[in-house]
1. Between rounded, prolate and oblate, where does segment A:10-89 land on the alpha carbon gyration tensor, with a ≥ b ≥ c its root eigenvalues, rounded for a/c under 1.5, else prolate if a/b exceeds b/c?
2. Starting from the 7 Å offset along Cα-to-Cβ, what nm value, one decimal, do you get for the label separation of B:R116 and B:A13?
3. Could you calculate the FRET efficiency of A:Y131 with B:D126 from 1/(1 + (r/R0)^6), where r is the beta carbon distance between them and R0 is 41 Å, rounded to 0.05?
4. What's the carbon and sulfur percent of segment A:6-132's accessible surface, probe 1.4 angstrom, rounded to a whole number?
5. Name the residue from A:W5, B:L124, A:I130 whose Cα lies farthest towards the positive end of the charge dipole of the protein assembly as shown, charges +1 on Cβ of Lys and Arg and -1 on Cβ of Asp and Glu.
6. Considering only C-alpha atoms, what is the centroid distance from segment A:1-68 to segment B:42-79, in Å?
7. Other chains near A:70-83: what is the mean number of their Cβ atoms within 10 Å of each residue's Cβ?
8. Compute, for B:Y131, the solvent-accessible surface of its heavy atoms (probe 1.4 Å) with the complete set of protein chains present, and express it in square angstrom to the nearest 10.
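The values are calculated or read from the model by the stated rules, or taken from the named source; none is laboratory data. As the structure is a prediction and not an experimental result, all values here were calculated from the model. Here the Cβ is made from the backbone with ideal geometry for all residues, glycine too, and neighbour counts use every protein chain on show. With ligands, DNA and RNA removed, areas are computed over all heavy atoms of the protein, side chains included. Shrake-Rupley method; radii C 1.70, N 1.55, O 1.52, S 1.80 Å.
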Number of protein chains: 2
Amino acid sequence: MTQDWLDKVSWDAQGLVPVIAQEVGSNDVLMFAWMNREALVRTVEIGEAVYYSRSRKRLWHKGEESGHVQKVHEIRLDCDEDVVLLKVTQNDGIACHTGRHSCFFQKFEGSVDAGRWTTVEPVLKDPNKIYK
Amino acid sequence: MTQDWLDKVSWDAQGLVPVIAQEVGSNDVLMFAWMNREALVRTVEIGEAVYYSRSRKRLWHKGEESGHVQKVHEIRLDCDEDVVLLKVTQNDGIACHTGRHSCFFQKFEGSVDAGRWTTVEPVLKDPNKIYK
(Lines give C-alpha, C1' and ligand atoms only; values in the text may rest on other atoms or scores of the structure.)
Protein backbone atom coordinates (compact mmCIF):
# COMPACT_ATOMS: atom_id res chain seq x y z
CA MET A 1 0.00 0.00 0.00
CA THR A 2 1.73 3.11 -1.21
CA GLN A 3 0.74 6.46 -2.60
CA ASP A 4 4.31 7.35 -3.57
CA TRP A 5 3.02 7.92 -7.12
CA LEU A 6 1.00 10.87 -5.80
CA ASP A 7 4.07 12.36 -4.14
CA LYS A 8 5.96 12.07 -7.41
CA VAL A 9 3.68 14.75 -8.88
CA SER A 10 5.10 18.25 -8.37
CA TRP A 11 2.04 19.98 -6.96
CA ASP A 12 2.27 23.76 -7.18
CA ALA A 13 2.07 26.21 -4.26
CA GLN A 14 -1.73 25.89 -4.32
CA GLY A 15 -1.50 22.10 -4.32
CA LEU A 16 -2.60 21.91 -7.95
CA VAL A 17 -1.31 20.48 -11.20
CA PRO A 18 -2.34 21.55 -14.74
CA VAL A 19 -4.20 18.89 -16.72
CA ILE A 20 -4.67 18.52 -20.47
CA ALA A 21 -7.53 16.34 -21.73
CA GLN A 22 -6.94 14.72 -25.12
CA GLU A 23 -9.43 12.63 -27.05
CA VAL A 24 -8.52 9.02 -27.77
CA GLY A 25 -8.67 8.37 -31.51
CA SER A 26 -8.72 11.90 -32.89
CA ASN A 27 -5.99 13.03 -30.50
CA ASP A 28 -7.80 16.38 -30.35
CA VAL A 29 -6.97 18.52 -27.34
CA LEU A 30 -10.37 18.98 -25.71
CA MET A 31 -9.75 21.15 -22.69
CA PHE A 32 -7.40 22.25 -19.96
CA ALA A 33 -8.13 22.21 -16.24
CA TRP A 34 -6.53 21.65 -12.83
CA MET A 35 -6.42 18.84 -10.30
CA ASN A 36 -5.51 18.62 -6.64
CA ARG A 37 -4.43 15.33 -5.02
CA GLU A 38 -7.99 14.37 -4.21
CA ALA A 39 -9.12 14.99 -7.80
CA LEU A 40 -6.36 12.78 -9.20
CA VAL A 41 -7.18 10.03 -6.71
CA ARG A 42 -10.88 10.20 -7.59
CA THR A 43 -10.04 10.11 -11.31
CA VAL A 44 -8.06 6.91 -10.81
CA GLU A 45 -10.77 5.43 -8.61
CA ILE A 46 -13.76 6.03 -10.86
CA GLY A 47 -12.04 6.06 -14.28
CA GLU A 48 -13.64 9.38 -15.20
CA ALA A 49 -12.08 12.84 -15.17
CA VAL A 50 -12.46 14.66 -11.86
CA TYR A 51 -10.91 18.13 -11.79
CA TYR A 52 -10.55 20.80 -9.15
CA SER A 53 -12.54 23.92 -9.96
CA ARG A 54 -10.50 26.94 -8.90
CA SER A 55 -13.53 29.25 -9.25
CA ARG A 56 -15.91 27.03 -7.26
CA LYS A 57 -13.12 25.81 -4.94
CA ARG A 58 -14.31 22.22 -5.01
CA LEU A 59 -13.94 18.94 -6.86
CA TRP A 60 -15.61 18.95 -10.23
CA HIS A 61 -16.63 15.64 -11.74
CA LYS A 62 -16.62 16.70 -15.37
CA GLY A 63 -20.08 16.14 -16.82
CA GLU A 64 -21.85 16.12 -13.46
CA GLU A 65 -24.31 18.72 -14.76
CA SER A 66 -23.95 18.46 -18.54
CA GLY A 67 -23.62 14.70 -18.81
CA HIS A 68 -20.42 15.29 -20.79
CA VAL A 69 -18.41 12.82 -18.78
CA GLN A 70 -14.85 11.93 -19.83
CA LYS A 71 -13.92 8.26 -19.57
CA VAL A 72 -10.21 8.06 -18.78
CA HIS A 73 -8.16 5.55 -20.75
CA GLU A 74 -4.70 6.69 -19.80
CA ILE A 75 -2.99 9.12 -17.45
CA ARG A 76 0.41 10.53 -18.37
CA LEU A 77 2.87 12.70 -16.47
CA ASP A 78 5.46 14.93 -18.11
CA CYS A 79 9.24 14.98 -17.71
CA ASP A 80 9.16 17.57 -14.92
CA GLU A 81 6.30 15.75 -13.21
CA ASP A 82 4.28 18.96 -13.06
CA VAL A 83 1.72 18.48 -15.85
CA VAL A 84 -0.81 15.67 -16.33
CA LEU A 85 -2.21 14.48 -19.66
CA LEU A 86 -5.46 12.50 -19.72
CA LYS A 87 -6.44 10.41 -22.71
CA VAL A 88 -10.22 10.28 -22.67
CA THR A 89 -13.37 9.34 -24.50
CA GLN A 90 -15.62 12.39 -24.52
CA ASN A 91 -19.27 11.65 -23.88
CA ASP A 92 -21.44 13.19 -26.66
CA GLY A 93 -18.23 14.49 -28.25
CA ILE A 94 -18.74 17.80 -26.45
CA ALA A 95 -16.10 18.96 -23.97
CA CYS A 96 -16.76 22.71 -23.98
CA HIS A 97 -19.43 24.51 -21.96
CA THR A 98 -20.21 26.48 -25.13
CA GLY A 99 -21.48 23.24 -26.71
CA ARG A 100 -18.42 22.76 -28.90
CA HIS A 101 -16.27 19.67 -29.31
CA SER A 102 -13.13 21.33 -27.95
CA CYS A 103 -12.55 24.45 -25.86
CA PHE A 104 -9.85 25.57 -28.32
CA PHE A 105 -12.17 26.97 -30.97
CA GLN A 106 -10.67 30.45 -31.36
CA LYS A 107 -7.93 30.73 -33.98
CA PHE A 108 -5.45 33.56 -34.26
CA GLU A 109 -5.49 35.37 -37.59
CA GLY A 110 -3.57 38.37 -38.82
CA SER A 111 -0.39 39.89 -37.48
CA VAL A 112 0.91 41.38 -34.24
CA ASP A 113 -0.46 44.81 -35.09
CA ALA A 114 -3.70 43.60 -36.63
CA GLY A 115 -4.56 40.32 -34.96
CA ARG A 116 -7.89 38.78 -34.05
CA TRP A 117 -9.28 35.55 -32.60
CA THR A 118 -11.76 33.96 -34.97
CA THR A 119 -14.24 31.27 -33.95
CA VAL A 120 -13.62 28.31 -36.25
CA GLU A 121 -15.54 25.43 -34.67
CA PRO A 122 -19.33 24.93 -34.70
CA VAL A 123 -21.64 24.74 -31.70
CA LEU A 124 -22.87 21.13 -31.63
CA LYS A 125 -25.47 21.64 -28.93
CA ASP A 126 -27.14 24.76 -27.56
CA PRO A 127 -25.66 25.43 -24.08
CA ASN A 128 -29.18 26.28 -22.87
CA LYS A 129 -30.10 22.69 -23.60
CA ILE A 130 -26.94 21.35 -21.94
CA TYR A 131 -27.42 23.14 -18.63
CA LYS A 132 -31.14 22.98 -17.84
CA MET B 1 -2.89 49.14 -35.62
CA THR B 2 -4.29 47.34 -32.66
CA GLN B 3 -3.10 44.81 -30.13
CA ASP B 4 -6.61 44.20 -28.75
CA TRP B 5 -6.09 40.51 -29.49
CA LEU B 6 -3.36 40.47 -26.82
CA ASP B 7 -5.69 42.06 -24.28
CA LYS B 8 -8.28 39.41 -25.02
CA VAL B 9 -5.97 36.83 -23.43
CA SER B 10 -6.65 36.44 -19.70
CA TRP B 11 -3.10 36.71 -18.37
CA ASP B 12 -2.74 35.36 -14.84
CA ALA B 13 -1.50 37.32 -11.80
CA GLN B 14 2.09 36.75 -12.98
CA GLY B 15 1.24 37.98 -16.48
CA LEU B 16 1.46 34.44 -17.89
CA VAL B 17 -0.74 32.05 -19.81
CA PRO B 18 -0.37 28.24 -20.01
CA VAL B 19 0.54 26.90 -23.45
CA ILE B 20 0.09 23.42 -24.93
CA ALA B 21 2.20 22.47 -27.96
CA GLN B 22 0.60 19.90 -30.26
CA GLU B 23 2.23 18.32 -33.30
CA VAL B 24 0.59 18.92 -36.67
CA GLY B 25 -0.21 15.60 -38.34
CA SER B 26 0.09 13.19 -35.40
CA ASN B 27 -1.81 15.53 -33.09
CA ASP B 28 0.52 14.34 -30.31
CA VAL B 29 0.77 16.64 -27.31
CA LEU B 30 4.46 17.44 -27.19
CA MET B 31 4.89 19.70 -24.20
CA PHE B 32 3.44 22.28 -21.89
CA ALA B 33 4.97 25.67 -21.10
CA TRP B 34 4.10 29.28 -20.33
CA MET B 35 4.09 32.56 -22.25
CA ASN B 36 3.99 36.19 -21.25
CA ARG B 37 2.79 38.90 -23.64
CA GLU B 38 6.22 39.38 -25.12
CA ALA B 39 6.61 35.65 -25.79
CA LEU B 40 3.28 35.48 -27.61
CA VAL B 41 4.17 38.54 -29.69
CA ARG B 42 7.56 37.05 -30.60
CA THR B 43 5.91 33.74 -31.49
CA VAL B 44 3.58 35.52 -33.92
CA GLU B 45 6.44 37.61 -35.31
CA ILE B 46 8.91 34.80 -36.04
CA GLY B 47 6.48 31.90 -36.57
CA GLU B 48 8.36 29.74 -34.05
CA ALA B 49 7.46 28.94 -30.47
CA VAL B 50 8.86 31.39 -27.94
CA TYR B 51 7.95 30.63 -24.34
CA TYR B 52 8.63 32.34 -21.03
CA SER B 53 10.89 30.28 -18.78
CA ARG B 54 9.67 30.67 -15.20
CA SER B 55 12.87 29.14 -13.81
CA ARG B 56 15.24 31.30 -15.87
CA LYS B 57 12.87 34.29 -15.78
CA ARG B 58 13.41 35.16 -19.42
CA LEU B 59 12.10 34.50 -22.91
CA TRP B 60 12.95 31.05 -24.19
CA HIS B 61 13.06 30.53 -27.92
CA LYS B 62 12.40 26.79 -27.92
CA GLY B 63 15.31 25.04 -29.64
CA GLU B 64 17.76 27.91 -29.11
CA GLU B 65 20.26 25.45 -27.61
CA SER B 66 19.02 22.07 -28.78
CA GLY B 67 18.04 23.04 -32.31
CA HIS B 68 14.62 21.52 -31.57
CA VAL B 69 12.73 24.52 -32.88
CA GLN B 70 8.93 24.41 -33.21
CA LYS B 71 7.48 25.94 -36.37
CA VAL B 72 4.06 27.36 -35.49
CA HIS B 73 1.22 26.64 -37.91
CA GLU B 74 -1.69 27.74 -35.82
CA ILE B 75 -2.41 29.46 -32.52
CA ARG B 76 -5.65 28.71 -30.70
CA LEU B 77 -7.22 30.23 -27.59
CA ASP B 78 -9.71 28.41 -25.37
CA CYS B 79 -13.25 29.40 -24.37
CA ASP B 80 -12.11 31.18 -21.19
CA GLU B 81 -9.28 32.89 -23.07
CA ASP B 82 -6.78 31.71 -20.49
CA VAL B 83 -5.04 28.82 -22.28
CA VAL B 84 -3.17 28.84 -25.60
CA LEU B 85 -2.76 25.86 -27.94
CA LEU B 86 0.03 25.88 -30.53
CA LYS B 87 -0.05 23.57 -33.53
CA VAL B 88 3.56 23.03 -34.48
CA THR B 89 6.03 21.09 -36.56
CA GLN B 90 8.69 19.74 -34.21
CA ASN B 91 12.23 19.96 -35.56
CA ASP B 92 13.93 16.52 -35.35
CA GLY B 93 10.71 15.15 -33.85
CA ILE B 94 12.15 15.73 -30.38
CA ALA B 95 10.35 18.12 -28.04
CA CYS B 96 11.61 16.84 -24.68
CA HIS B 97 14.91 17.74 -23.04
CA THR B 98 15.29 14.02 -22.23
CA GLY B 99 15.62 13.34 -25.97
CA ARG B 100 12.11 11.95 -26.34
CA HIS B 101 9.42 12.87 -28.86
CA SER B 102 7.02 14.15 -26.21
CA CYS B 103 7.42 15.23 -22.61
CA PHE B 104 4.48 13.02 -21.61
CA PHE B 105 6.34 9.72 -21.54
CA GLN B 106 5.36 8.53 -18.05
CA LYS B 107 2.19 6.47 -17.89
CA PHE B 108 0.22 5.71 -14.77
CA GLU B 109 -0.19 2.04 -13.98
CA GLY B 110 -1.82 0.25 -11.09
CA SER B 111 -4.33 1.54 -8.58
CA VAL B 112 -4.62 4.34 -6.03
CA ASP B 113 -2.91 2.27 -3.35
CA ALA B 114 -0.34 0.67 -5.62
CA GLY B 115 0.33 3.09 -8.42
CA ARG B 116 3.46 3.88 -10.39
CA TRP B 117 4.61 6.02 -13.33
CA THR B 118 6.20 3.88 -16.01
CA THR B 119 8.36 5.27 -18.80
CA VAL B 120 6.75 4.13 -22.05
CA GLU B 121 8.48 6.19 -24.75
CA PRO B 122 12.02 5.72 -26.09
CA VAL B 123 14.89 8.19 -25.97
CA LEU B 124 15.47 9.17 -29.61
CA LYS B 125 18.67 11.12 -28.99
CA ASP B 126 21.10 11.14 -26.08
CA PRO B 127 20.57 14.43 -24.17
CA ASN B 128 24.38 14.74 -23.85
CA LYS B 129 24.47 15.03 -27.63
CA ILE B 130 21.59 17.50 -27.70
CA TYR B 131 23.10 19.97 -25.23
CA LYS B 132 26.81 20.16 -25.98
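1. Working: a/c = 1.69, a/b = 1.12, b/c = 1.51.
Here segment A:10-89 falls in the oblate category.
2. In this crude spin-label approximation the distance works out to 3.9 nm.
3. That gives a FRET efficiency of 0.20.
4. Numbers: 2610 of 5710 Å².
Taking all protein chains in place, segment A:6-132 shows 46 percent carbon and sulfur surface.
5. Projecting each Cα onto the dipole axis, the largest value belongs to A:W5.
6. Their Cα centres are 26 Å away from one another.
7. Numbers: counts 0, 0, 1, 0, 5, 7, 11, 7, 10, 12, 6, 2, 1, 8.
That works out to 5 on average.
8. So the heavy atoms of B:Y131 present about 90 Å² to solvent.
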